[in-house]
Structure formats: C-alpha cells, structure tokens
1. Of all residues in the range 75-94, count the ones that are part of a helix (DSSP H, G or I) and in contact with a Phe, Trp or Tyr (Cβ under 9 Å, 6 or more places away or on another chain).
2. Scan the range 152-189 for residues that are more than 13 Å from Val109 (Cβ to Cβ), outside any helix (DSSP H, G or I) and away from the ligand (no atom under 11 Å from the Cβ) and report the count.
3. What single numbered condition from (1) over 20 Å from Ile179 (Cβ atoms); (2) modelled with pLDDT under 95; (3) not charged (D, E, K, R) fails to hold for Ala81?
4. Select from the range 134-178 the residues that are over 22 Å from Leu27 (Cα atoms) and in contact (Cβ under 8 Å) with a residue 24 or more places away in the chain and list them in ascending order.
5. Which numbered condition in (1) farther than 22 Å from Leu68 by Cβ; (2) within 14 Å of the ligand (Cβ to nearest atom) is the only one that Met1 fails?
6. Can we say Leu59 is buried (at least 16 other Cβ atoms within 10 Å of the Cβ), assigned to a loop (DSSP other than H, G, I, E, B) and either hydroxyl-bearing (Ser, Thr, Tyr) or out of contact with any Cys (no Cβ under 7 Å at 6 or more places or on another chain) (or both)?
7. Please determine, by comparing only the residues of the range 125-151 that are in a loop (DSSP other than H, G, I, E, B) and farther than 19 Å from Pro3 by Cβ, which one is farthest from the ligand (Cβ to nearest atom).
8. Just for the range 127-157: of the residues that are of a type in the set (A, V, I, L, M, F, W, C) and surrounded by fewer than 18 Cβ atoms within 10 Å (Cβ to Cβ), which one is farthest from the chain's Cα centre (by Cα)?
Amino acid sequence: MTPAETWVALVHHPVYDKNHKVVATALTNLDLHDIARATRTYDLAGFLIVHPVAAQRELASRIAGHWLAEGGEMNDFRRMAIERVAVVANIAEAAAHVAGRAGKPPTLVATSAQAGDGAVGYQALVRSLTGPVLLLLGTGWGLTEDALALCQHRLRPITGRGGPSDYNHLSVRSACAIILDRLYGDRED
Ligand SMILES: C[S@@+](CC[C@H](N)C(=O)[O-])C[C@H]1O[C@@H](n2cnc3c(N)ncnc32)[C@H](O)[C@@H]1O
C-alpha cells in the first residue's frame, strides 16, 4: 500500500445523524478544501466526494471547477490540491472510479472514532496491503454499519495520547490529516 495507490472518499451517505437515523449530510466547503490539501500533501492518488444528491454533486463540482479555472490563477496551491478531487454518487461508484484508474478493485478501509472488532493498526495496514486502497471517512455521526460492512479492514480509532480516552471525536478534516500522517508521514524526528 503506497500513497500513489491510495484514494480517500468522504462519504455523505450512508451515515448516521445524532438519533442514529441513516441520512445524507450536506457538503461543506471546508471539508472539500481541507481534505483536498491533506490528500495532496501526502501525494495520494485522489480524493472522492461521495454524495447521492445530484444538486450536492453539482455544487461540489462547481466549487472544484472554480478553483481549477479562474480561482486557480489566484491560488496555485489550492488548484494543485483540487486537481485530484472527483465527485461520485455512492461508495460503489467510488470503488469503480478507483478500479478504472488502478486497473483493479480497491481494498476498502473504514475509519471510525469507535473501536471495532478486528480493527487494525496504521503501520500494520501499510505492511499488509498491496494494490489500490480506498479509505472511507464519515460525515454526520459516522459511517453506518452497512457502510462499515462493505470494508475489508477497519483502522483503529485515533485516541490522542494513546490508550482509552473519554473524548476522541475529531472533525473529519482533522481525522483525515492524522490518519494520513500515521499511514505515510515522515517519522525522522
Ligand atoms: C463522524 S464524522 C464527524 C463529522 C463532523 N460533523 C465534522 O465536523 O467533521 C468524523 C469522521 O472522521 C473520522 N474520525 C473522527 N474521529 C476519529 C477518530 N478518533 N479516529 C478515527 N477516525 C475518526 C471518521 O471517518 C468519522 O466518520
């Protein structure tokens, strides 16, 4: 598993709301920009925004399109990050997008703030996988059980200083950056 074979998907459905109802959450501009920058910094193959609602996909494409065109002339770093963004309707389409580029279907890897059976450590995952990988990040109150069940692996939750914690509810943007650093970050210090 290498950065060049890794895609991140930001899943807006199926996720839970605070009442454990399955919902589609709204796209946020902040998630689009910050996750695009994190994935570009770690030189991943791409960042997929997953949304079932056509109007929300159009909004995501319009924001990305702006920063690739006239906006890109003002901010080259933002343009470079957004160049690797794509928009798809569901997780199956995200996997098909990766398969189309990588030449084979990706291994799906779930992320969650909750511990789950068989959750794997970050470096153990890097050592054990070869070929394309699609990392799923949740929105709202996190990926549903159905979405988690699609994944072949689940990463251990980030717990700050390590060990059990009474608070580890990161924004998806912060979680993404920490996860990418644990997977691929420079450990020279
Ligand atoms: C449940 S959402 C919360 C979204 C929130 N509304 C926001 O502002 O970003 C956060 C997502 O980030 C990831 N995440 C958050 N905290 C995490 C943790 N401690 N360990 C691993 N992943 C985490 C998971 O992908 C999770 O589905």
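The values are calculated or read from the model by the stated rules, or taken from the named source; none is laboratory data. Treat the numbers as computed from the prediction; the structure is a model and nothing was measured. Glycine gets a Cβ as well: all are built from the backbone with ideal geometry, and neighbour counts include every protein chain shown.
1. Step one: filter the range 75-94 for residues part of a helix (DSSP H, G or I), giving 76-82, 91-94.
From what is left, the residues that are in contact with a Phe, Trp or Tyr (Cβ under 9 Å, 6 or more places away or on another chain) are 78-79, 81-82, 94.
The total comes to 5.
2. 10
3. If we test Ala81 against (1) over 20 Å from Ile179 (Cβ atoms); (2) modelled with pLDDT under 95; (3) not charged (D, E, K, R), just (1) comes out false.
4. Quick first cut of the range 134-178, residues over 22 Å from Leu27 (Cα atoms) only: 149-168.
Hits for the range 134-178 are Leu150, Cys151, Gln152, His153, Arg154, Leu155, Arg156, Pro157, Ile158, Asn168.
5. (2)
6. No; evaluated as a whole, the condition is false for this residue.
7. As a first pass, look at the range 125-151 and keep what is in a loop (DSSP other than H, G, I, E, B): 129-132, 138-142, 144, 150-151.
Within this subset, residues satisfying the condition of being farther than 19 Å from Pro3 by Cβ are 138-142, 144, 150-151.
Working: Gly138: 2, Thr139: 5, Gly140: 6, Trp141: 5, Gly142: 4, Thr144: 10, Leu150: 14, Cys151: 11 Å.
That would be Leu150.
8. Quick first cut of the range 127-157, residues of a type in the set (A, V, I, L, M, F, W, C) only: 129, 133-137, 141, 143, 147-151, 155.
If we keep only those that are surrounded by fewer than 18 Cβ atoms within 10 Å (Cβ to Cβ) as well, we get 141, 149-150.
Details: Trp141: 15, Ala149: 16, Leu150: 15 Å.
Among those residues, the one meeting the criterion is Ala149.
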